[in-house]
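The values are calculated or read from the model by the stated rules, or taken from the named source; none is laboratory data. Model, not experiment: these values are computed from the prediction. A quick note on method: Cβ atoms are made from the backbone with ideal geometry, for glycine too, and the neighbour counts reach across all protein chains shown. All accessible areas refer to the heavy atoms of the entire protein, side chains included, with ligands and DNA or RNA removed. Shrake-Rupley method; radii C 1.70, N 1.55, O 1.52, S 1.80 Å.
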Amino acid sequence: MSTKKIAVVPGDGIGPEVIDGGLLILDRVNSARKLGLELVHFGWNADEYLRTGISMPPGAMDDIRVNYDAVYLGAFGDPRVPDMKHAADILLGMRFQLDLYVNYRPVKLLDERLTPLKGKGTADIDFVIFRENTEGAYVGMGGNFKKGTQDEIAVQEDVSTRRGVERIIRHAFEFAKNTGRKSVCMSDKNNVMRFGGDLWLRTFEEVAAEYPELEHFHMFVDALTMQMVRVPEMFDVIVTNNMFGDIVTDLGAALQGGLGVAASGNIHPGRVSLFEPIHGSAPKYAGQDVANPIGAILTAAMMLDYLGFPKEATIIEDAVTATIHAGETTHDLGGQLGTKAAALAIANRLNL
């Protein structure tokens, strides 16, 4: 069996604590199932940036691109770096330089006690959001004129390309087709953002015509957020742009139990890809053993699935579900365990 090389970047704040929980699970699964994972640790974080002024050493991105199969990343953000330059250099740098155009966010309720939605259960909240990850308003194009004066003008440009829009939409349809999903919803605000919205809607309809077996429909993003709360069961796959995707995926996380249980992948199919829990670094909770490791552990499972180990990914998800059912969780989910104990509880339920 060939070795799968994974770069581990724990990050700032609670990042190292929850990533340690994920590594506990990965180590047990790797050892028991002989997966051939090689985990290589990198100390890129706020401490290193403040010490050296360097976010990532020269050549690091090329090293990741050429020599690794995946990156397992913690959260970034530290109040000592108010402009978050190191976070932008590392996280956004990887997304753009590695061309990780798919942001993959499953929204799956593992226990009905976790959702704030009255009368909704695990069968109702089980859909996937694909967010375009390399274009839109996050490309940093724009500027200021007469900055700092009463006449200041700020321009922030939203960039969409036919290539970028088509490949994320096609990925959504392929995912639906290959996983037995029945529908794809595209969401935007093309009644206001007429030019980019027109490109998205035309491309969506053209790609949808290649998948006649799948239902497809369009919703404005404000209607989408309302229906995600009212009738989440109407969705199978949602695809949207970078900014709206950033917003609706956090709403999706709330529906499944909060940011602490949400996993994500930043993916370029067939290439080295990046996997991270979606919560922030929460510096005020760092070192207190209170952070929920489930998001990081489910992210590790997602990474294993991407690397070709779907059975092992399912084993991890089943162990997470069992601990939630048993109430062996951190305080945010109603349990009494700390970060380390919650991760250990999951590790002890792995059916290996």
(Q) Give the lysines whose C-alpha is closer than 28 Å to that of Lys118, dropping any in the same chain fewer than 8 places away, or say none. (A) Lys108, Lys182
Q. In the full protein assembly as shown, how much of Val229 is accessible to a 1.4 Å probe, in Å² to the nearest 10?
A. 60
Q. Between Thr161, Thr299, Thr330, which gets the highest mean-square fluctuation from a Gaussian network model of the chain, Cα cutoff 10 Å?
A. Thr161
Q | the range 102-204 - charge dipole about Cα centre, Lys and Arg +1 at Cβ, Asp and Glu -1, debye rounded to 20 | A | 320
Q. Which value, in debye to the nearest 20, gives the size of the charge dipole of the range 1-119 about its Cα centre, when Lys and Arg are +1 and Asp and Glu are -1 at the Cβ?
A. 480
Q) PRE reach from Arg80 (point 7 Å along Cα→Cβ): which of the range 246-288 fall under 18 Å by backbone N? A) 281-288
Q) Which value in Å is the Kirkwood Rh of the range 81-201 over different Cα pairs? A) 17.6
Q.
Less than 11 Å Cβ to Cβ from Ile153, Lys/Arg counted +1 and Asp/Glu -1: what total charge do the surrounding residues give?
A. 0
Q: Enumerate by residue number the trypsin sites (Lys or Arg not before Pro) in the range 69-161 meeting two conditions: DSSP loop (anything except H, G, I, E, B), and at most 11 other Cβ atoms within 10 Å of the site's Cβ.
A: Arg80, Lys118, Lys146, Lys147
Q) Can you give the helix-only mean residue ellipticity at 222 nm for the chain, where every DSSP H stretch with n ≥ 4 adds -39500 (n - 2.57) and the sum goes over all residues, rounded to the nearest 500 deg cm²/dmol? A) -12000 deg cm²/dmol
Q: With unit charges on the beta carbon (Lys/Arg positive, Asp/Glu negative), name the residue among Ala291, Leu350, Gly327 whose Cα is farthest towards the positive pole of the charge dipole of the range 258-352.
A: Ala291
Q: Evaluate Rg over Rh across the range 266-349, taking Cα atoms for both radii and Kirkwood's formula for Rh.
A: 1.01
Q. Which ³J(HN,Hα) values in Hz, rounded to whole numbers, follow from the phi angles of the range 132-144 under the Karplus curve 6.51 cos²θ - 1.76 cosθ + 1.60, where θ = phi - 60° and Gly and Pro get x?
A. 4, 10, 10, 10, x, 7, 9, 7, x, 8, x, x, 10
Q | Heavy-atom accessible area per residue - the range 1-94, 1.4 Å, Å² | A | 44
Q: Determine the dipole magnitude for the chain: charges of +1 sit on the beta-carbon of Lys and Arg, -1 on that of Asp and Glu, nothing else is charged, the reference point is the Cα centre, and the result goes in debye to the nearest 20.
A: 300
Q) Given a cut-off of 26 Å, what percent of all Cα-Cα pairs of the chain lie beyond it? A) 51
**Q.** Estimated FRET transfer efficiency when R0 is 35 angstrom, pair Thr161-Ala123 (beta carbons, to 0.05)
**A.** 0.40
Q: Starting from the Cα gyration tensor of the range 157-310, take the square roots of the eigenvalues, sort them a ≥ b ≥ c, and report rounded, prolate or oblate (rounded when a/c is under 1.5, otherwise prolate if a/b is larger than b/c, else oblate).
A: prolate
Q. At a 1.4 Å probe radius, carbon and sulfur cover how many percent of the accessible area of the chain?
A. 53
Q. Which of the DSSP-defined H helices in the chain satisfy a minimum axial length of 15 Å, computed from C-alpha atoms, and a minimum mean Kyte-Doolittle hydropathy of 1.0?
A. 294-306
(Q) Not counting ligands, DNA or RNA, and with a 1.4 Å probe, what is Glu206's accessible surface area in Å² rounded to the nearest 10? (A) 90
Q. Going through the range 245-351, which trypsin sites (Lys or Arg not before Pro) have at most 15 other Cβ atoms within 10 Å and a DSSP loop state?
A. Arg271
Q. Which aspartates and glutamates does Lys85 reach when only Cα atoms under 14 Å apart count, and residues fewer than 8 places away in its own chain are ignored?
A. Asp12, Asp47, Glu48
Q: Please report Rg over Rh for the range 181-258, where both radii come from the alpha carbon positions and Rh follows the Kirkwood definition.
A: 0.97
